[in-house]
C-alpha cells in the first residue's frame with residue numbers, strides 16, 4: 001500500500017469474508033425473529049437535530065456530554081449523528097402521527113456513532129439491532145420484548161448468557177431513591193471521583209455505574225431501590241417476573257443494575273455472559289450482549305404527552321463475535337465455459353439466467369486458463385457443476401432428489 005493511500009478512520013472497520021457472513025447472519029436472524037413477533041420495520045435518519053438527543057438522553061450523560069458527533073450544517077443548525085435509536089424513533093412517533101398505531105411495535109438496525117475509545121467489540125461507528133414497543137403501559141409489553149430477545153439469542157446459537165433484571169421503580173419510587181442516594185453519597189462527596197462529584201446533584205443514579213475504584217468503595221453499600229418502591233412499582237415488577245417465568249425466560253435479579261440514560265423507569269435489563277463461559281471469553285471486559293428497559297419519561301422530554309414505552313438494543317459486532325466465523329454458503333451451481341467459443345458462452349449465459357430465475361445461487365467461470373476452469377469450480381465445492389463446450393455440455397453433482405438441472409436450465 002502506498003504511503004499516500006488514505007487509511008480507515010480510527011474506530012471504524014471494513015468487514016469482509018467470514019466476519020461479514022457472521023454480521024449478515026445476525027441481521028438475517030433478527031429480521032426473521034422480529035417478523036415472528038410482528039414488529040414492524042422502520043428506517044430512521046442517520047442524523048437528527050442535536051436537541052433530540054440532548055433532551056431525550058440527558059445533558060449529564062457521557063453520551064451527550066462527551067461522545068456525540070455534532071456539527072453545524074450550512075444552514076446554521078446543530079445536527080448530530082445518531083448515537084442510539086430510541087430518541088430518534090420517539091421523535092418520529094411524535095412528529096409523524098404514529099400515535100394512531102399505538103401500541104406500536106417497531107424494529108430497526110443500522111449504524112450508530114459515538115466518539116469513545118475504540119476497543120474490543122466497541123467502535124466509533126458501530127451497528128445495532130433495536131426493538132421498541134411504544135404506547136403500552138402493561139408489564140406484558142416488557143415480557144414480550146424480553147421473550148423476543150431471549151429467542152433471538154437462542155436462534156443465533158449464543159449460549160452461556162443470562163438475563164439480569166432490575167426495577168428502577170415508577171416516578172415516585174425513583175425520586176425517593178434519588179433523594180436517598182444524594183444523602184448517602186453527599187456524606188462522602190470529597191472522597192468520590194471528580195465525575196461522580198459532578199453527577200451527585202444532577203443524576204446520582206449514574207454513580208452506581210462508575211468503574212472508578214474511588215467510587216466502588218461506596219457503591220456497594222449505597223441504598224437499594226427496593227427500600228423505596230411503591231406498591232404499584234412492586235406490583236409491576238412482580239407481573240414482569242411472573243410473565244417471564246410463564247414464557248420460560250430464565251432471569252436473575254440484579255439490584256445494582258441501572259441504565260445510564262435519564263429516561264428509564266421500571267424495568268431495566270441486560271443479557272450478560274456467565275462467568276467462565278465462552279461468551280465471556282469472546283467479549284472480554286465488554287460484557288453486555290443486549291440491554292434496555294422501560295422509558296416512560298422520554299416522550300415528555302421531547303414535548304410530547306406522557307407515553308409509556310419499552311425497548312432494547314444490541315450491538316451487531318458483539319453478537320457476531322459470539323456467533324463466530326461463518327463460512328460463505330456454497331453455490332447451488334457453478335457454470336463453466338470450458339472453451340473460448342462464442343456458442344458455448346451464449347448457451348452458458350442463458351443457463352446462468354435460468355438458474356437464478358429458478359432461485360438457485362449460481363456463478364459462471366469463463367476466464368483464465370481453459371484447462372483450469374473446471375478445477376477452479378471443483379475447489380469452490382458447489383452443489384453441482386454444469387460445463388459447456390461448443391458442441392455440448394455435461395452435468396456433475398447435484399443433490400439426490402433435487403431439481404432436474406437440465407430441465408431447469410432449458411438444456
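Please tell me if residue 397 is surrounded by fewer than 18 Cβ atoms within 10 Å (Cβ to Cβ), touching a helix residue (DSSP H, G or I) at 6+ places or on another chain (Cβ under 7 Å) and either outside the structural domain of residue 159 (by TED's automatic domain parsing) or at pLDDT below 90 (or both).
Numbers: surrounded by fewer than 18 Cβ atoms within 10 Å (Cβ to Cβ): yes; touching a helix residue (DSSP H, G or I) at 6+ places or on another chain (Cβ under 7 Å): no; either outside the structural domain of residue 159 (by TED's automatic domain parsing) or at pLDDT below 90 (or both): yes.
No, not satisfied.
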*Could you say which residue among 360, 319, 352 is in the same structural domain as residue 91 (by TED's automatic domain parsing), surrounded by 13 or more Cβ atoms within 10 Å (Cβ to Cβ) and at pLDDT 90 or above?*
319
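How many residues are assigned to a helix (DSSP H, G or I) and surrounded by 15 or more Cβ atoms within 10 Å (Cβ to Cβ) if we restrict to region 179-194?
The initial filter retains those residues of region 179-194 that are assigned to a helix (DSSP H, G or I), namely 179-186, 189-191, 194.
Right, trim to surrounded by 15 or more Cβ atoms within 10 Å (Cβ to Cβ) and you get 180-182, 184-185.
The qualifying residues number 5.
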_Just to be sure I understand, how many residues within region 102-130 are without any contact (Cβ under 8 Å) to a residue 40 or more places away in the chain and either in a strand (DSSP E or B) or crowded, with 20+ Cβ neighbours inside 10 Å (or both)?_
1
*Is there any pair linking a residue in region 33-45 that is part of a loop (DSSP other than H, G, I, E, B) to one that is modelled with pLDDT under 95 and surrounded by 11 or more Cβ atoms within 10 Å (Cβ to Cβ), with Cβ under 7 Å and at least six apart or on different chains, and which?*
none
_Being surrounded by fewer than 17 Cβ atoms within 10 Å (Cβ to Cβ), outside any loop (DSSP other than H, G, I, E, B) and within 41 Å of the chain's Cα centre (by Cα): is that true of residue 371 here?_
no
*Criterion violated by residue 328 - all others in (1) in contact with a helix residue (DSSP H, G or I) (Cβ under 6 Å, 6 or more places away or on another chain); (2) assigned by TED's automatic domain parsing to the domain that holds residue 140 satisfied*: (2)
*Looking at residue 168, is it under 30 Å from residue 305 (Cβ atoms), buried (at least 17 other Cβ atoms within 10 Å of the Cβ) and modelled with pLDDT under 95?*
yes
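Of all residues in region 377-404 being in a helix (DSSP H, G or I) and without any contact (Cβ under 8 Å) to a residue 40 or more places away in the chain, which is nearest to residue 328 (Cα to Cα)? Steps first, please.
As a first pass, look at region 377-404 and keep what is in a helix (DSSP H, G or I): 377-379.
From what is left, the residues that are without any contact (Cβ under 8 Å) to a residue 40 or more places away in the chain are 378-379.
Details: 378: 16, 379: 14 Å.
The qualifying residue nearest to residue 328 (Cα to Cα) is 379.
For residue 150, are the conditions met, namely being in contact (Cβ under 8 Å) with a residue 24 or more places away in the chain and in the same structural domain as residue 39 (by TED's automatic domain parsing)? Before the answer, list the steps.
On the way: in contact (Cβ under 8 Å) with a residue 24 or more places away in the chain: yes; in the same structural domain as residue 39 (by TED's automatic domain parsing): yes.
So residue 150 fits the description; yes.
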*Just one of 292, 281, 304 is crowded, with 21+ Cβ neighbours inside 10 Å, in the same structural domain as residue 161 (by TED's automatic domain parsing) and closer than 30 Å to residue 114 by Cα; which is it?*
292
*Kindly indicate whether any position in region 26-43 is more than 15 Å from residue 108 (Cα to Cα) and in contact with a strand residue (DSSP E or B) (Cβ under 7 Å, 6 or more places away or on another chain).*
no
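Counting only residues that are in a helix (DSSP H, G or I) and more than 15 Å from residue 258 (Cα to Cα), how many does region 197-221 have? Please lay out each step first, then the result.
First, the residues of region 197-221 that are in a helix (DSSP H, G or I): 197-202, 204-209, 213-219.
Now narrow it down to the ones that are more than 15 Å from residue 258 (Cα to Cα): 197-198, 200-202, 213-215, 217-218.
Counting residues in region 197-221 that are in a helix (DSSP H, G or I) and more than 15 Å from residue 258 (Cα to Cα) gives 10.
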_Given (1) outside any helix (DSSP H, G or I); (2) out of contact with any helix residue (DSSP H, G or I) (no Cβ under 6 Å at 6 or more places or on another chain); (3) on the phi < 0 side of the Ramachandran plot, identify the lone condition not met by residue 158._
(2)
*Considering region 85-101 alone, what residues qualify as being crowded, with 19+ Cβ neighbours inside 10 Å and either without any contact (Cβ under 8 Å) to a residue 12 or more places away in the chain or closer than 23 Å to residue 28 by Cβ (or both)?*
85, 89
_When you check residue 59 against the structure, is it under 30 Å from residue 196 (Cβ atoms) and either free of Cβ contacts under 8 Å to residues at least 40 places away in the same chain or in the same structural domain as residue 311 (by TED's automatic domain parsing) (or both), yes or no?_
yes
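The values are calculated or read from the model by the stated rules, or taken from the named source; none is laboratory data. No experiment lies behind these values; they were computed from the predicted model shown. Every residue, glycine as well, gets a Cβ built from its backbone with ideal geometry; the counts of neighbours run over all protein chains shown.
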